[in-house]
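Just so it is clear, none of the values below were taken in a lab; they were calculated from the coordinates. The structure presented is a predicted model; accordingly, all values stated were derived computationally and were not measured. A quick note on method: Cβ atoms are made from the backbone with ideal geometry, for glycine too, and the neighbour counts reach across all protein chains shown.
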Amino acid sequence: MQQVRADPGGAPVPAKLKALLRIAAAVQQSGLAVTGDEVAAARAEGATDLEIHDTVLIAALFCMFNRYVDGLGTVAPGDPAQYAAGAQRLVTQGYLPPARPADTG
C-alpha cells in the first residue's frame, strides 16, 4: 500500500489496477478530468465497465467525504495505535454504540 501511495505507476500491482488508479486520481482533481483515453487504457488492461464505474464512484465518494470532514474541522488521530484500537472495537462491538443501561428511575 505504501508503494502504491508513493508511486502508483511504479508500484508492484497489476496493470489493470494501475489504470484504474489513474482514473481515480483524475476524479480526485475533477470528474471532468477523466478522459476517454484513460477509460480506454483501463479497458485495454481488462477493466470492465462496472469496475470503471465503481472506481469513479468510490473516488468521488472519498472526495466528498474528505471535503465534508475537512469542512467540519475534524482532526485525524496521529497515532496509528488509535486506528488499531478503533478497528478492534468494531470487531468486538460492531458499528452500534454500546447499549445504555436501562432506566431504573
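When the range 18-49 is filtered for residues that are within 22 Å of Phe65 (Cβ to Cβ), of a type outside the set (D, E, K, R) and in a helix (DSSP H, G or I), the ones remaining, listed by number, are Leu20, Leu21, Ile23, Ala24, Ala25, Ala26, Val27, Gln28, Gln29, Gly31, Leu32, Ala33.
Taking every residue in the range 19-46 that is in contact (Cβ under 8 Å) with a residue 12 or more places away in the chain and of a type in the set (D, E, K, R) and pairing it with any residue that is outside any helix (DSSP H, G or I) and surrounded by 14 or more Cβ atoms within 10 Å (Cβ to Cβ), at least 6 positions away or on another chain, the pairs with Cβ-Cβ distances below 8 Å are Arg22/Pro8. Out of Ala84, Ala102, one residue alone is hydrophobic (A, V, I, L, M, F, W, C), free of Cβ contacts under 8 Å to residues at least 24 places away in the same chain and part of a helix (DSSP H, G or I). It is Ala84. Among the residues of the range 46-60, those that are touching a Lys or Arg at 6+ places or on another chain (Cβ under 9 Å) and surrounded by fewer than 14 Cβ atoms within 10 Å (Cβ to Cβ) comprise Gly46, Asp49. On the stretch given as the range 8-17, residues that are part of a loop (DSSP other than H, G, I, E, B) and aliphatic (A, V, I, L, M) total 2. For Asp7, the criteria (1) surrounded by 14 or more Cβ atoms within 10 Å (Cβ to Cβ); (2) over 16 Å from Glu51 (Cα atoms); (3) among the acidic types (Asp, Glu) hold in every case but one, which is (1).
If you go through the range 17-35 and keep only what is surrounded by fewer than 17 Cβ atoms within 10 Å (Cβ to Cβ) and within 12 Å of the chain's Cα centre (by Cα), you end up with Ala25, Gln28.
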